[in-house]
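Visitor: Here you go, one structure.
Please treat every number below as a calculation from the coordinates, not as lab data. All values reported here derive from a predicted model rather than from experimental measurement. Cβ: placed from backbone, ideal geometry, glycine included. Neighbour counts: every protein chain shown.
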Amino acid sequence: MKKLSLILATATAIAILAVPISASARPPQPPAVPLIAAASGAPGTVTLTYVASVTPGSTVNVYRCVGVSCSNFTQIATAQPASGPYTDSTVTAGAYSWYVTATVGGVESTSHSNVASLSISPQPPTGLTAAAN
């Protein structure tokens with residue numbers, strides 16, 4: 001076990017204290033950067049399959065923006081457990097991009113995953129009939 005030595009000085013004495021440092025006293029290290037393996041779906045349900053390190057207390061933050069080459073990502077969810085998939089149930093027809101970050105003990109990964117983009121086609125209308133003239 002590592003020890004931290006402290007030197008305390010007063011006007012008349014100097015004391016050296018050895019204080020044990022436990023592993024839990026060290027600040028948490030950033031987790032590994034996750035990877036999005038796939039994005040698939042239709043309006044209302046897009047599934048992001050990602051790979052992230054799974055450690056106790058880990059979560060994955062999911063970010064999304066509208067467009068394929070967009071840059072204004074907004075966090076839309078914190079997912080658990082930290083090993084996907086995550087379903088985004090708020091998308092409609094259009095183009096979207098996502099990335100994820102991992103967090104352990106309040107420390108976020110130093111970078112985000114790859115960006116996954118998907119264009120979602122509108123659902124065809126239902127209940128239509130054709131009539132011959």
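Visitor: Would you mind ranking Val60, Val66 by Cβ crowding within 10 Å, fewest neighbours first?
Guide: So the residues, fewest neighbours to most, are Val66, Val60.
Visitor: Above 16 Å lies some portion of the pair distances; for region 35-120, what is it as a whole percent of all C-alpha pairs?
Guide: Cα-Cα pairs of region 35-120 separated by over 16 Å account for 46 percent.
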